[in-house]
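A short write-up of the structure that comes next.
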Amino acid sequence: MNPLELEGLTSQEAQRRLAQVGPNEPAPVRRMSGTLRFLLLFANPLIAILLVASLISVLVGDFVNAFIIAAMVLLSAALNFIQTARSERAAERLRKEVAPTATVFRDGAWEEIARRDVVPGDLIRLSAGDMVPADAWLLESKDLHVQQAALTGESFPVEKEPEAFSEVPKTSPSDPADARGAVFLGTSVVSGAGKAVVASTGPRTVFGGIASRLSVRAPETEFEKGTRKFGLLIMRAVFFLVLFVLAVNLALHRSPMESLLFAVALAVGLTPEFLPMITTVTLGRGALRMSRRKVIVKRLEAMQNFGSIDILCSDKTGTITGGEMMLTEHLDPCGRKSERTFLLAYLNSFYETGISNPLDRAIKHKANSNPLDEAILSHDRPDVRAYTKVDEMPFDFERRRQSVVLKKKAARLLITKGAPESVLPACSRYEANGHTQELDAGMRAGCEALYQELSAKGFRMLAVAYAHVRPKAAYRVTDERDLVLAGFLIFADPPLVSAAAAIRALGRDGVKVKILTGDGEQVARHICAEVGLNISAILTGAELERMTDAALTHVAEQTDVFARVTPAQKTRIILALKSRGHVVGFLGDGINDAPSLHAADVGISVSNAVDVSKDAADIILLDRSLGVLHSGIIEGRKAFGNVMKYLLMGTSSNFGNMFSMAGASLFLPYLPMLPTQILLNNFLYDLAQVTIPTDNVDKTFIHKPRRWDVRLVRNFMIYIGPVSSVYDFLTFFILLKVFNASEHLFHTSWFVESLATQTLVIFVIRTAGNPLRSRPSRALALTVSLIVLSALLIPFSPVASLLGFTPLPFTLLLILGAMIVTYLLIVEFVKRRLMRRLFL
C-alpha cells in the first residue's frame, strides 16, 4: 500500500482524485443544463400542437396570429422555468445543510467533510451511529459491529476486524457477506470504532453497482397520488371537449385551421399547465419558511405529508423531557449510598466504545448537571489510571446491557451495566458493605421493589454488576453470567416545561402524540402523566409481543403510551396505525430508529442525530422540540392549502368559461373568441395565479390535518362550473339582443368578462369563510387587481386592433361589472355549502 494513503491524503491530492473519479454518489444525480430543462417544457403535447399551429400560420401568411401564439407559449414557459428553478435552488440549499458527512484524515488532521467528497485512498474513522461513507478495508477496529442488512439481508449486526494482508487491496470485495475485513457504503456502524482506507467510491462501490442495475422509483406519496388523479380528471374533460368542439366546427364548414386553433386554445385554457410550477413554488416557499422555524425539509414532496400527520410517534427522552440525564444517586442493592457502585459504573462508561447515550454522559460528568451533583462528582472523581481495557461486549437493543473487561495488574474484571430487568437475571450474588452474599429470592424481590418504587417516581435506573474472570484471548456475551450485583444508578430527566402545552396545541390541531419508549412502564407512566398524556392503558413490549398484527391495529389506536418496546416493535406499531388509515410521523434520532423512520409516512430526525437516522428521515429538526415540530406541521398545511386554491380556481369559473366557449360555438356565426385572444386570456389568467404561493391561509383550514379529496375538486367543477356558464350565456344574450354586438365587440366583452370572473373568483374560494374577513396576501391582491385592470385597458390600447379588440361603451362596462359582482355572490353561496363539511 502506498504510504501516502495510510497516512491520509493532502487536500491537493484529494481534489485531484475527486476530479478523476467523480463525486461519491452511488447513483450520481444527473443535473440537466438550464437550456435542456427549458426545452423540455415544450415536450408537453399541447404546447407542441400550439407551436405547430404557429408554424402553419406562418406558412399561410397569418403572421400576426403566429407571433401572438408563439409569444404566449414562450412567456408561459419562461415564467414556469424561472419560478421552478428559483424554488429548486432554495430547496437544494436546504438539503446541503443536512447532507451526510464523513470523518477523514486530511493534511495530517482529522476533519469532517461532505460524504460526496470522499475519494479512494482516504483514511476514514468510524464510530457508533455513522453511515459508512464508502467501500473500505479496515486497518484498525475495536469491537466494531456493522449492520449490513441492506446489502446481505442479514438481520443481525456483523462483527468486523482487519484481515491479514501485506498490501491493502485497491478494489471492493465481490461478496460483502464474506468480507470480514471490509465495510461498505450503505451500511451503518452499530457499535465499536475503527479506521479504514477507502477502496471504492460512488458507482464503483457494491451499493453503487446495485443502484445502477436497479432504478427503483420511490413509493408514490399521497400528494403525488392526488395530483395524478386530478390531472387525469382534467385531461379526460379536455380530451372530450376538444374533440366535440373540433367536430362541431368542422361540421359547420368553418375554416379547418381556425377550428383547430380554437380547439387547441380551449384545451390550453382547461389544462392546469401551471400545476407543477405552482406546486414547486408553494412547497419551496413553505420549506424556506420552515427553515426559519428550524425545520429542514429534505424532500419537497414530504411537506404535504407533514401537514397531513394525524398521529405523531416519538420517544420520551428529548421530546417531553430535556434529554439531559442527571445522575442523582448511586446505591448498593440494599438502597444505601455506595461509592463502589459509582466506581464500577464510571469504569464501564469510561472504557466503553459503543453507542454513546445520555446516561453515560451523566456518569462521566460530561453533561450539564445541577450544582449538587457537580459538587459530589468533583469531590470524589475516581482515579482509573490503574486499569487498562482488555475487551468489550457492546450494547445492543435486545440484551439491553453492555460490558467491558478490564485488567488491573494480573486480575481481570468484567463490569456490566444495563437495564435492571436485564442485569438482575444474570446475577447470582450481590455486594453490600464490602461483602458478597447469595442473591436469594427474598433479596431479589427487594431489589425489584426498590427498582419499581423509584421508577414509579419517574427516575431512570441502571443496574451495575461485575465478575472476576479468567484471562483469555477474547470475551463473549456468554461470559455475562454468575455476576455480582453492585447496585443501582439513579437518573433524573424531568419533563420539559413546554411539553404539556405543546402536546395540547398539537391535539387542538388534530395531531395525537403517542410515546414509544424503551424505558420501563413505571417511568413512562410517571413522566407521561405529568405532561397530560392518557396513561389509563399502557402497552408494554412484552404484551405487544404476544399480540397478533390484527389485534395490534385496534389496540394501537386506543393506546398513547408504549413502554419497554424494542426497535422492531416500534415499527410494528407504526405499520398498525398506518393500516387504520392514519398518516403517521415518527420522531427518532438513534441507530435503532432507522427502520421506524422508513416505515412512517414522514420520518423526522434532529440535526445532532446519528447519520443513519438523518439519512432515513424526510424532515430534520434543528431544535428538538414539539413546539418546533408543531410549527413545521402548520407550515406543511399552509403549503397544501395554497396548492388547493390553485386547483379549485382552475376547476370553477375557468372550466365554466371554457365550456361556455365550446357551447357558444354551436350557435354563433363566428367563434366566441379568437384563438389568439383565448391564449392571451389564458396567459393573463396564469399570471394572476403566480402569487398564490404567497397567500395567507385561514386558521379554519390549518386547525386539522388535510388530505387529498378529489371529490371536492370534482364538486367544484360540477356545481360552480355551470354557475359560470349560466352567467356566460346571460352575457351572450345581453350582447346579442340588447347591444346587437358586432363580432369585435362580442369578442372584447367576452374577453373582459371571462378574465375578470376567472381571476376574481380566487378571492371567494381562497377561504372557507367570509371573503371580506379573510385578507389575501398583498402580492395576490395586487397581482389579481393588475390583471383585471389590464383586461379593461387592453381594448383601449394601441395593440387592440392587432388582437381583434374594440373599445367598450361605458354602459356595457357597468352591466358587465354588475354581472361579475352577482356572479361572485352566487359562487360564495355555493362554495360555503361545498366547503362547510370539509373545512369548518
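Summed over region 627-670, the residues that are open to solvent by 10 Å² or more (accessible area, probe 1.4 Å) and under 18 Å from residue 749 (Cα atoms) give a count of 5. Selection of first residues in region 237-261 that are farther than 14 Å from residue 666 by Cα and of second residues that are among the β-branched types (Val, Ile, Thr) and exposed (fewer than 14 other Cβ atoms within 10 Å of the Cβ), restricted to Cβ pairs under 8 Å at least 6 apart or on distinct chains, gives the following pairs, ordered by first then second residue: 257/60. Of all residues in region 359-371, none satisfies being modelled with pLDDT of 85 or more, surrounded by fewer than 23 Cβ atoms within 10 Å (Cβ to Cβ), hydrophobic (A, V, I, L, M, F, W, C) and in a loop (DSSP other than H, G, I, E, B).
For residue 729, indicate whether it is in contact with a helix residue (DSSP H, G or I) (Cβ under 8 Å, 6 or more places away or on another chain), surrounded by fewer than 19 Cβ atoms within 10 Å (Cβ to Cβ) and closer than 23 Å to residue 659 by Cα.
It is true that residue 729 is in contact with a helix residue (DSSP H, G or I) (Cβ under 8 Å, 6 or more places away or on another chain), surrounded by fewer than 19 Cβ atoms within 10 Å (Cβ to Cβ) and closer than 23 Å to residue 659 by Cα.
Selection within region 649-674: residues that are farther than 30 Å from residue 780 by Cβ and outside any helix (DSSP H, G or I). The member of this set that is farthest from the chain's Cα centre (by Cα) is 669.
Residue 447 satisfies every condition listed in (1) outside any strand (DSSP E or B); (2) open to solvent by 30 Å² or more (accessible area, probe 1.4 Å) except (2). When you look at residue 496, is it open to solvent by 40 Å² or more (accessible area, probe 1.4 Å) and touching a residue at least 40 places away in the same chain (Cβ under 8 Å), yes or no? In short, yes. Residue pairs whose Cβ atoms lie under 9 Å apart, separated by 6 or more positions or on different chains, with the first residue in region 174-191 and of a type in the set (Lys, Arg) and the second at pLDDT 80 or above and open to solvent by less than 10 Å² (accessible area, probe 1.4 Å), are 180/138; 180/160. The residues of region 732-773 that are among the charged types (D, E, K, R) and open to solvent by 60 Å² or more (accessible area, probe 1.4 Å), listed by number, are 737, 743, 773.
Do we have residue 459 as open to solvent by 20 Å² or more (accessible area, probe 1.4 Å) and modelled with pLDDT under 90 here? Write out each step before concluding.
Working: open to solvent by 20 Å² or more (accessible area, probe 1.4 Å): yes; modelled with pLDDT under 90: yes.
Yes, satisfied.
The criterion of being modelled with pLDDT of 70 or more, crowded, with 23+ Cβ neighbours inside 10 Å and among the hydrophobic types (A, V, I, L, M, F, W, C) does not hold for residue 288.
Considering region 392-403 alone, what residues qualify as being at pLDDT below 90 and open to solvent by less than 20 Å² (accessible area, probe 1.4 Å)? Steps first, please.
Here is the first cut: in region 392-403, the ones at pLDDT below 90 are 392-402.
Hits for region 392-403 are 392, 393, 394, 402.
If the condition is being crowded, with 18+ Cβ neighbours inside 10 Å and closer than 21 Å to residue 745 by Cβ, then region 816-830 contributes 816, 819, 820, 823.
Can you tell me which residue among 764, 713, 726 is in a helix (DSSP H, G or I), free of Cβ contacts under 8 Å to residues at least 60 places away in the same chain and among the aliphatic types (A, V, I, L, M)? Please lay out each step first, then the result.
Details: 764 fails: free of Cβ contacts under 8 Å to residues at least 60 places away in the same chain; 713 fails: free of Cβ contacts under 8 Å to residues at least 60 places away in the same chain.
Within the list 764, 713, 726, the selection yields 726.
Cβ-Cβ contacts under 7 Å between residues 6 or more apart (or on different chains), taken from a first residue in region 529-547 that is free of Cβ contacts under 8 Å to residues at least 12 places away in the same chain to a second residue that is assigned to a loop (DSSP other than H, G, I, E, B) and surrounded by 14 or more Cβ atoms within 10 Å (Cβ to Cβ), are listed as 529/535.
One residue stands out in region 561-591 among those that are within 27 Å of residue 394 (Cα to Cα) and small (Gly, Ala, Ser): the one that is surrounded by the fewest Cβ atoms within 10 Å (Cβ to Cβ), namely 568.
Which is surrounded by fewer than 17 Cβ atoms within 10 Å (Cβ to Cβ), in a helix (DSSP H, G or I) and at negative phi, of 780, 802?
On the way: 780 fails: surrounded by fewer than 17 Cβ atoms within 10 Å (Cβ to Cβ).
That would be 802, the only listed residue that is surrounded by fewer than 17 Cβ atoms within 10 Å (Cβ to Cβ), in a helix (DSSP H, G or I) and at negative phi.
Of all residues in region 676-693, those that are closer than 20 Å to residue 778 by Cβ have Cβ atoms under 7 Å from Cβ atoms of residues that are of a type in the set (A, V, I, L, M) and modelled with pLDDT under 85, 6 or more apart or on another chain, in 689/278; 689/649; 690/79; 692/278; 693/278; 693/281.
Residues in region 696-742 that are in contact with a Leu (Cβ under 9 Å, 6 or more places away or on another chain) and among the acidic types (Asp, Glu): 709 only. Within region 683-701, can you find the residues that are open to solvent by 10 Å² or more (accessible area, probe 1.4 Å), assigned to a helix (DSSP H, G or I) and under 19 Å from residue 649 (Cβ atoms)? Passing the criteria: 683, 684, 687, 694, 700, 701. In the set (1) under 21 Å from residue 317 (Cβ atoms); (2) crowded, with 18+ Cβ neighbours inside 10 Å, residue 504 fails one condition alone, (2). The residue that is modelled with the lowest pLDDT, among those in region 319-330 that are open to solvent by less than 20 Å² (accessible area, probe 1.4 Å) and under 23 Å from residue 517 (Cβ atoms), is 323.
Assessment of region 275-283 against the conditions (open to solvent by 20 Å² or more (accessible area, probe 1.4 Å) and either modelled with pLDDT of 85 or more or not in a helix (DSSP H, G or I) (or both)) yields no matching residue.
Are any residues in region 789-798 surrounded by fewer than 19 Cβ atoms within 10 Å (Cβ to Cβ) and in a helix (DSSP H, G or I), and if so, which ones? Give the steps one after another, and end with the answer.
Looking only at region 789-798, we keep the residues that are surrounded by fewer than 19 Cβ atoms within 10 Å (Cβ to Cβ), and these are 789-790, 792-793, 796-798.
Listed by number, the residues that qualify are 789, 790, 792, 793, 796.
Quick one: is residue 470 in a helix (DSSP H, G or I), at negative phi and open to solvent by 20 Å² or more (accessible area, probe 1.4 Å)? The answer is no for residue 470. Residue 429 passes every criterion in (1) open to solvent by 10 Å² or more (accessible area, probe 1.4 Å); (2) modelled with pLDDT under 85 apart from (2). Say whether the condition of being more than 30 Å from residue 698 (Cβ to Cβ) and free of Cβ contacts under 8 Å to residues at least 40 places away in the same chain is met by at least one residue in region 614-634. Yes.
Every condition in (1) hydrophobic (A, V, I, L, M, F, W, C); (2) over 14 Å from residue 820 (Cα atoms); (3) surrounded by fewer than 23 Cβ atoms within 10 Å (Cβ to Cβ) is met by residue 723 except one, and the failing one is (2). When 154, 167, 88 are checked against the criterion of being part of a helix (DSSP H, G or I) and at pLDDT below 80, 88 stands alone in meeting it.
The values are calculated or read from the model by the stated rules, or taken from the named source; none is laboratory data. Remember, it's a predicted structure, so these values are computed and weren't measured experimentally. Methodologically, a virtual Cβ is constructed for each residue, glycine included, from the backbone with ideal geometry; neighbour enumeration extends over all protein chains shown. We work out accessible area using only protein heavy atoms, side chains counted, and drop any ligands, DNA or RNA first. Shrake-Rupley method; radii C 1.70, N 1.55, O 1.52, S 1.80 Å.
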